[in-house]
Each structure stands twice: as structure tokens, then as C-alpha cells.
Amino acid sequence: MVNIRWCGQSCFEIKGNDVTIATDIFPGSMIGIATPNISADIILSSHGHPDHWNKRLAQKISKDDTTSILKWKNGDHGTIKGVKIKGVATSHDDKGGLIRGANTVYVFVVDGITICHCGDLGHVLNEKQLAEIGEIDILLIPTGGVFTLGLKGVEKVIEQLNPKIAIPMHYYFKGLSVMFRVLHPVSRFLKKVNQKINELDSSEVDVSKNSLPSSTEVFVLKPP
């Protein structure tokens, strides 16, 4: 069983039986919501923007000196603390990174479930990137636009990767600081969705290999 908890923006706490992973951590004072309360074995960051990486917070949530930290690091990282991890080079925009820089999409396997965290992906995927990502079970994808994929791009990436579960992230909800109010709400994305939508009254969900749907469904987690 894997527990996936959304902490806002692109930050998730992902708990397996023996490991906890934190993605794209941020200081709450910048975002306008609570700083993620996580104690992590592995910390992943897709890129160095301050709403996706904070060195001080990384030190605070690390488990002593045992936490492994991967910052926008591409390539096959092998198995770390029982988790197979791969970083796939992408861009934060559709101009090859010329506007907003590089972005790393992380693919990792926790207790048999393959999760793909898109970070601030700004474009649809090319054949090389698709091959590197491979088959996945759960897709964590930004849907708020402006700084990331537009709606057509989100639809296309979901189609390209064909996950069992797609979880929207990095969108506007009440409480975010002024700089993030330009993001679109998740409702804009949901109006375009062809897949079954599950709107949960919780910021977290438990998933097992046996509980995965047979075709793509969208799971909307409650904002923290």
C-alpha cells in the first residue's frame, strides 16, 4: 500500500511500507499555506525555483543524515533505499528551456507502483522522453497552466503516458499567495477531462497495485 498526500503546489509526501519520499518542497511563507510537515528518506526536486526547492527546509525534514537528496538530476539513479528512481530531462517551457529553464521529470517505483512526477513540465513529451519514462501507474501533473503546460498539453501528456491514475497539482486554490493567483483553478482542467473524475474529500489517498483502475481515472485531492 502506498499513501500519497498532496501538500500543495507540486509537493507530495509519498509513503511506502518502508520509505517516505518528498517532492518539490517549499517554505509555506512563500506559498501562503502551511509548510509541508514531512520526515523524508528521499527528497526529489524537479528544478531550483524556490516554490520547488528550499535547502533549509530540506535539512529540517531530513531523517538525520540518512536522507538522499536528488536535485534536478537526470539519468538512472538505480535503487535508493529500496526505490528505483530515474530522472528524465525536460524543459520548464516549450522553447527548450530558453524562457524558464530546465525541468526534471522523476519516475520512481514504490512498493511495485510506478509514479511519475512531472515537476513544472512545460511541453508535451517527445519520443525519447516517453521511452525513458516508460509505463507508469500514477501521474502527478501540473494543471494550472501559465508557468507550465496548457490544457491541451496536459490532455496530450495524459494520453501519451496513459496512467491508471492522474492527480492534478500546481493549480490555484484559495489561500495561495498573490504571485500564484495567476494559476488557473483545477475546475478549468476538469471541464476538459474525458476520464472518470474522483473528487476526494481528503488531501491523501491510499493506492495498491490491486486497487488501480483498469483505465485512466483522475483523482482530485483536497487542497491542504
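Nothing in this text is a laboratory measurement; each read-out follows from the coordinates by a stated rule. Quick caveat: nothing in here was measured; it's all calculated off a predicted structure. Ideal geometry is used to build each Cβ from the backbone, glycine not excepted, and the neighbour counts take in all protein chains shown.
Just Asp93, Asp137, Asp18 to compare: in a GNM of the chain, with alpha carbon springs under 10 Å, which one fluctuates most?
Evaluated over the chain, the most mobile residue of the options is Asp18.
At q = 0.07, 0.14, 0.18 Å⁻¹, what is the base-10 log of I(q)/I(0) for the chain according to the Debye formula with one equal point scatterer per Cα and no solvent? Please give it to two decimals.
Log10 of I(q)/I(0), two decimals: -0.18, -0.80, -1.48.
With the crude spin-label approximation of a point 7 Å out along Cα→Cβ, what separation in nm comes out for Asn198 versus Ser211?
Roughly 0.7 nm, to one decimal.
For region 2-220, what is the relative contact order in percent, using Cα pairs closer than 8 Å and at least 6 residues apart in sequence?
Numbers: 504 pairs, mean separation 36.5, N = 219.
Relative contact order comes out at 17 percent.
With the dipole of the chain worked out from charges on the C-beta (+1 for Lys and Arg, -1 for Asp and Glu) around the Cα centre, which of Thr216, His184, Gly78 lies farthest toward the positive end?
His184
Starting from the Cα of Lys71, step 7 Å along the direction of its Cβ; do the same at Asp18; then give the gap between the two resulting points in nm.
2.9
Could you run the Debye sum over the Cα atoms of region 1-132, one equal point scatterer each and no solvent, and tell me log10 of I(q)/I(0) at q = 0.13, 0.18 Å⁻¹, two decimals?
-0.51, -0.97
By count of other Cβ within 10 Å, fewest leading, how are Lys164, Lys196 ordered? All intermediate terms of the calculation are to be shown ahead of the outcome.
Working: Lys164 21, Lys196 11.
Ordered by Cβ neighbours within 10 Å, fewest first: Lys196, Lys164.
Among all the lysines, which ones have a C-alpha under 28 Å from Lys152's C-alpha, if same-chain residues fewer than 8 places away are not counted?
In chain and number order, the partners are Lys73, Lys86, Lys95, Lys128, Lys164, Lys174, Lys191, Lys192, Lys196, Lys222.
Please identify, among Lys191, Lys95, Lys209, the residue showing maximal mean-square fluctuation in a Gaussian network model of the chain using a 10 angstrom Cα cutoff.
In this elastic network of the chain, the residue with the biggest mean-square fluctuation among Lys191, Lys95, Lys209 is Lys191.
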